[in-house]
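The structure under discussion appears below in the form of structure tokens.
We did not get these values from a lab; they are worked out from the coordinates using the rules stated. Please read these numbers as outputs of a predicted model, since none were measured by experiment. As a convention, Cβ positions derive from the backbone with ideal geometry for all residues, glycine included, and neighbour counts pool all protein chains shown.
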Amino acid sequence: MIPSAAFRSIADPGRLWRAALGALLLGAATLASVPAQAQAARYEIDPDHLTVAFLVDHIGYAKVLGMFRSARGSYRFDEATATLSDVRIEVETASVFSNQRKRDDHLKGPDFLNSSEFPRMVFTAGSAQRKGDRQFEINGQLEVLGKSLPLTLQATWNKSAESPLGGVGGKPYVMGVSARGSFKRSAYGMNYAVANGWVGDEVELIIELEAVRK
């Protein structure tokens, strides 16, 4: 015997349509609740358009501008929701350059970066906070000399667009970012000339990058 409720459903096609429509709407709502980060695309930083530079005070007269010639990195970004995650930037410490060979050799040595023992400086961050239309605060960790400490970068999303410069397989989709931050080198045990003030303790970071969406 068919239960009376089932019989009423069979006898009323409208009820069947309403039930089916409800199931579809419920499914759509479930899909809509999937975190937006699941749609985040992976971006690889273009090493030819990546600048990792620094400014450090020299006896109060002026600041020395230096940079690292070799670095790489990647992150994930959902453009629709402006969600940034999985940031990683690796810097080859032996690639330091300040336009003076003797100083560069000193910077690579044990008084500063100790490149032979610690060949990489690494910044990582799991996520970022959006502070404006295109402004982000990235709270991550900077590893220097084998020690990892908190570092905050203030970043600006400059532009995202298909590059006018084509390549094999078409024109890449490129995102441009500017970021700034600072840290105390003495916090990592890099104490050379801090006490007498000849070399500043604060290191100002300058990061400019273009990244290709994969």
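A Förster radius of 41 Å combined with the Cβ-Cβ distance from GLN135 to SER95 puts the calculated FRET efficiency at roughly 0.90. Exposure proxy for LYS159, LYS63: other Cβ atoms within 10 Å of each Cβ, ordered fewest to most, give LYS159, LYS63. Ordering HIS58, HIS106 from the fewest to the most neighbouring beta carbons within 10 Å gives HIS58, HIS106. First select every other residue whose beta carbon is under 15 angstrom from the beta carbon of LYS131; then total the charges, Lys and Arg +1, Asp and Glu -1. Around LYS131, the charge tally is +1. Computing FRET efficiency as 1/(1 + (r/R0)^6) for LYS147 and ASP104, where r is the C-beta to C-beta distance and R0 is 30 Å, gives about 0.85. Rounded if a/c is under 1.5, else prolate if a/b is larger than b/c, else oblate: which is the range 78-189, with a ≥ b ≥ c the root eigenvalues of its Cα gyration tensor? Cα axes put the range 78-189 in the oblate bin.
Label zone (GLU204, point 7 Å along Cα-to-C-beta; backbone nitrogen cut-off 18 Å) within the range 47-68: 51-68. Remark: TYR188, TYR173 ranked as TYR173, TYR188, counting other beta-carbon atoms within 10 Å and listing the fewest first.
Approximating the spin labels as points 7 Å out from Cα along Cα→Cβ, the ASP111-to-ARG42 distance works out to 4.2 nm. Think of each Lys and Arg Cβ as +1 and each Asp and Glu Cβ as -1; about the Cα centre, that makes the dipole of the range 36-213 roughly 40 debye.
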